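Engineer: Starting off with a structure, shown below.
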Amino acid sequence: MLTFSLTLVRHGETQYNREKLLQGQGVDTSLSETGVLQGEAAGKYLKEISFNNVFASNLQRAVQTAELIMRHNAHCSGREMVLEPLLRERSFGVAEGRPKEHLKNMANAAGQSCGDYTPPGGETLGQVKLRFQKFLKILFKQMLEEHGSCGSDASEGALAAGDATKVTAAAASDVASVGAADDGLQGLALHALVVSHGAYIRVAVGHIVDDLKCSLPAGVKMSQLTAPCPNTGIGRFIFTLSPSECGPVLSAARCVFTNRKDHLEELTAAE
């Protein structure tokens, strides 16, 4: 068995975010000044977590954010970042570059809710979920191939079959320590960082929670888990994998938290 954490971060603010304009995939903007500060704040918040693997959408707002996080991380010097197109934002087709209000109007005209509506040329939610499923398959395979040898060494934070329940229970108690950057990581040595986009992350979290049947933090409502992720909002999941002839099999999944923005408190106060 192999257990690792996945820390999922949305990119920092862009000028399009500030002006409430849709970016999707066709509008590849860089971070605003505020977005850079948010990325730096996220990096400082996560600085003591030793990420073994780093993945980012290949759109520049995500790449910049990942670079800022790695730059401030105490353990990421020389770490290679994988730019992964499967992590790109949902395509909004003809609505890209236009105000979000325009998308709502298009959805209303079609008699659909904005969340379910697919503008012409855009991706359906199902297509976005399929991309995330493909990414998870790649992630699980890579983690098992690169770090599977850790599975027999409990001192390295990997889990033998009999230890999985113990670590899961111990980590669950850590959730009460609200705001700690290492929440859920006690007993684990393997960590992956993924930097992506708001609409994509919302679909990804929904898939993990609904389809992968991951366990949830005590007292947390589903609406909180699937709420829109703020810029550089942070989520964390713990996955346990088992090898098989057909590839990695997910044995257990647990949500530690989603949409955390504790690192932005000082920036918000300054505004």
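Engineer: Please tell me if ALA171 is crowded, with 20+ Cβ neighbours inside 10 Å, at pLDDT below 85 and part of a helix (DSSP H, G or I). If you could, list the steps in order and put the result at the bottom.
Structural biologist: Working: crowded, with 20+ Cβ neighbours inside 10 Å: yes; at pLDDT below 85: yes; part of a helix (DSSP H, G or I): yes.
Yes.
Engineer: Answer yes if at least one residue in segment 253-268 is hydroxyl-bearing (Ser, Thr, Tyr), in contact with a Lys or Arg (Cβ under 6 Å, 6 or more places away or on another chain) and at pLDDT below 95, and no otherwise.
Structural biologist: Of segment 253-268, the ones hydroxyl-bearing (Ser, Thr, Tyr) are 258, 268.
Going one step further and asking which of them are in contact with a Lys or Arg (Cβ under 6 Å, 6 or more places away or on another chain), we end up with none.
Looking through segment 253-268, none of the residues is hydroxyl-bearing (Ser, Thr, Tyr), in contact with a Lys or Arg (Cβ under 6 Å, 6 or more places away or on another chain) and at pLDDT below 95.
Engineer: Within the set of pairs 6 or more residues apart or between chains, which connect a residue that is over 14 Å from PHE239 (Cβ atoms) inside segment 132-155 to a residue that is of a type in the set (A, V, I, L, M) and modelled with pLDDT of 95 or more with Cβ atoms less than 6 Å apart?
Structural biologist: LYS134/LEU86
Engineer: Of all residues in segment 22-43, which are buried (at least 17 other Cβ atoms within 10 Å of the Cβ) and of a type in the set (A, V, I, L, M)?
Structural biologist: Within segment 22-43, LEU22, VAL27, LEU31, LEU37, ALA41, ALA42 qualify.
Engineer: Restricting the first residue to segment 52-71 and requiring it to be on the phi > 0 side of the Ramachandran plot and assigned to a loop (DSSP other than H, G, I, E, B), which pairs with a second residue that is crowded, with 20+ Cβ neighbours inside 10 Å and not aromatic (Phe, Trp, Tyr) meet a Cβ separation below 9 Å and a spacing of at least six or different chains?
Structural biologist: none
Engineer: If we keep just the residues of segment 218-271 that are hydrophobic (A, V, I, L, M, F, W, C), loosely packed, with under 13 Cβ neighbours inside 10 Å and assigned to a loop (DSSP other than H, G, I, E, B), which is farthest from the chain's Cα centre (by Cα)?
Structural biologist: So the residue we want is CYS246.
Engineer: Inspect segment 17-38 for any residue being among the acidic types (Asp, Glu), part of a helix (DSSP H, G or I), under 19 Å from the mean Cα position of the chain (by Cα) and at pLDDT 95 or above and give the result as yes or no. Full working, then the answer.
Structural biologist: To start, the set of residues in segment 17-38 that are among the acidic types (Asp, Glu) comprises 19, 28, 33.
Next, only the ones that are part of a helix (DSSP H, G or I) stay: 33.
From what's left, under 19 Å from the mean Cα position of the chain (by Cα): none.
Scanning segment 17-38 turns up no residue that is among the acidic types (Asp, Glu), part of a helix (DSSP H, G or I), under 19 Å from the mean Cα position of the chain (by Cα) and at pLDDT 95 or above.
Engineer: So, one more: Of everything in segment 39-78 that's within 26 Å of THR3 (Cα to Cα) and of a type in the set (Asp, Glu), which residue is farthest from the chain's Cα centre (by Cα)?
Structural biologist: That would be GLU48.
The values are calculated or read from the model by the stated rules, or taken from the named source; none is laboratory data. What you are looking at is a predicted structure, and each value in this text was computed from that prediction instead of being measured. Don't worry about glycine lacking a Cβ; one is built from the backbone with ideal geometry, like all the others, and counts go over all protein chains shown.
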